[in-house]
């Protein structure tokens, strides 16, 4: 999917995205244009966190649900493509929830850390920092992820080899590759 380049007259939001319930925490600090749609923000979150986008998602902001309305699901939600980020948050320290995969229920705490002027020559969005790799899709939420890590880190567990094969042969929960993330963000443009 292609996106337009950020207009210089928009503010830049510095946002911290933390995957709730993970210990040690999995998080990303990014800068995005304040006038992007929630739909685009969803794509950015997917990219910086490392999700594959296979599952439903929603934003929960001040008691209102935003996402992709679908006639087959009985979910009351506002259409995220019609709402700009700066329409739902506008002050530093504002927080809301982004939930991905209703089965695993990966809740992300989104915190608006700073509102900044754009910097000439910087392509937004950009990832500034982060810690740890994203859990594999469909591993069972926070509790399933903890169990997966315990299993793949202990060769004595009966499911050790099976789980290693399931994650592709190896999995480093501490890995974080900011260069790869920023290259992927450039591909969104």
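Values quoted throughout were computed directly from the atomic coordinates according to the rules given, and no laboratory measurement underlies them. Please read these numbers as outputs of a predicted model, since none were measured by experiment. Positions of Cβ are generated from backbone atoms using ideal geometry, with glycine treated the same way; all protein chains shown enter the neighbour counts.
Some observations on this one:
- Sorted peptide list for 151-160, 122-131, 33-42, criterion being average Cβ within 10 angstrom, highest first: 33-42, 122-131, 151-160
- Cα-projected label distance for residue 23 with residue 147, points at 7 Å along beta-carbon direction, nm: 1.9
- For the chain, calculated [θ]222 nm from helices alone, where every DSSP H run of n ≥ 4 adds -39500 (n - 2.57): -7000 deg cm²/dmol
- Contact order for the chain, expressed relative to its length and based on alpha carbon pairs under 8 Å spaced 6+ residues apart, stands at 28 percent.
- In degrees, nearest ten, helix 38-49 long axis to first principal axis of the chain (Cα): 40
- Whole-Å distance, taken between Cα centres, linking region 64-114 and region 116-176: 23
- Angle between the chain longest axis and helix 178-188 axis [Cα atoms, degrees, rounded to 10]: 50
- Top of 73, 145, 65 by mean-square fluctuation, Gaussian network on the chain, Cα under 10 Å: 73
- Distance between the 7 Å Cα→Cβ label points at residue 184 and residue 54: 1.5 nm.
- With Cα atoms, 0 to 90° folded angle of helix 141-152 axis to the chain main axis: 40
- Stretch gain in nm, segment residue 161-residue 11, where the contour uses 0.36 nm per residue and the Cα spacing is subtracted: 49.1 nm
- Anisotropy class of region 1-137 from Cα gyration tensor, a/c 1.5 cut: oblate
- Orientation-averaged projected area, Cα convex hull of region 39-83 (nm²): 3.5
- Peptide ranges 55-61, 82-88, 43-49 listed from the most packed, as the mean C-beta count within 10 angstrom indicates: 43-49, 55-61, 82-88
- Calculated P(r) of region 14-72 - Cα pairs past 15 Å, %: 59
- Span per principal axis, largest first, for the Cα atoms of region 38-116 (Å): 39, 25, 18
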